[in-house]
Amino acid sequence: MIGSLVFALIQAVFTPFFSIVSILTFPFHPLTRYRVISQWARFMMFLVEKLCGVKYRVEGVENIPDHPCVVLSNHQSAWETIAFQVILPPQVWVLKKELLKIPFFGWGLAMTSPIAIDREEGRAALKQMIEQGKERLKTGFFVVVFPEGTRIPPGESPSFRIGGAWLATHAGSTVLPIAHNAGYLWGKNALIKRSGTITVSIGKPIEAKGMKPDALNSEVEKWVRSEQERMGRP
């Protein structure tokens, strides 16, 4: 418990400072900005391991493509949004645009070139995601999408939303499926982190070109759920 409290304190103090550093990267190329800003994530991963005992192991790292692709993953906590910056090549996320309004954190997040959408806009939001997603892939970013739409506690499995698969098929992109069990150790909005080792499983890439979005979405969801069941608790 003490380690979790110390981690939260350091995170609260360090994040506003680093957000200012992030804003100052504005003149640089998006990939250069990302490489600077992602140092925050590396520091957080170091802290959460040393202070809270939260470690991780990656299966299937050899499946990561050597070119930009669309990543589809389950979403259980804040951990994966931090860890993916260490595990995967430079990336952007599809996220709710209101996150960019959070003081300091949101300002720094804006410098990472995210695809910020308003879900209430329906098809307009989907069109925006496709247009910006293609541009980010062309720039050299992996595009990370959490098809569940929000953080889901372990044991729950809502249907995947089709947006990520829609982007991948329309962009003719490779899809990289990822499953993990981070929610058992770092729960949604949980102050206290539990010690243990999170498993991240990276599946074989899927070529989306020529596939129907619903068929691709179903294939990825089936694999992710199967992996979650296999991994179980850390």
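Could you name the aspartates and glutamates whose alpha carbon sits less than 15 Å from that of Lys101, not counting residues in the same chain fewer than 8 places away? Counting by Cα, and skipping residues close in sequence, Lys101 has these aspartates and glutamates nearby: Asp118. Of the residues Trp166, Trp93, Trp107, which exhibits the maximal mean-square fluctuation in a Gaussian network model of the chain defined by a 10 Å Cα contact cut-off? Of Trp166, Trp93, Trp107, the Gaussian network model singles out Trp107 as fluctuating most.
The modelled label-to-label distance for the pair Val86/Val13, using points 7 Å beyond Cα in the direction of Cβ, is 2.1 nm. Largest GNM mean-square fluctuation among Asn63, Asn181, Asn74, using the chain with Cα springs under 10 Å: Asn63. For the pair Leu31 and Asp118, label points projected 7 Å from Cα toward Cβ lie 3.3 nm apart. Against the set (1) 51, 45, 35; (2) 50, 37, 34; (3) 56, 47, 36, the structure's computed Cα extents along the principal axes in Å falls on (1). With springs only between Cα atoms under 10 Å apart, run a GNM on the chain and tell me which of Ile152, Ile115, Ile178 wobbles the most. Sorting by GNM fluctuation, first place goes to Ile152. Scanning the chain for long hydrophobic helices, with DSSP H runs required to stretch 15 angstrom or more by C-alpha along their axis and to average at least -0.5 on the Kyte-Doolittle scale, returns 2-23, 39-52.
Each reported figure results from applying straightforward, stated rules to the coordinates on display, with no laboratory input. All values derive from a computational prediction rather than experimental measurement. Note that we place each Cβ from the backbone using ideal geometry, even for glycine, and neighbour counts take in every protein chain shown.
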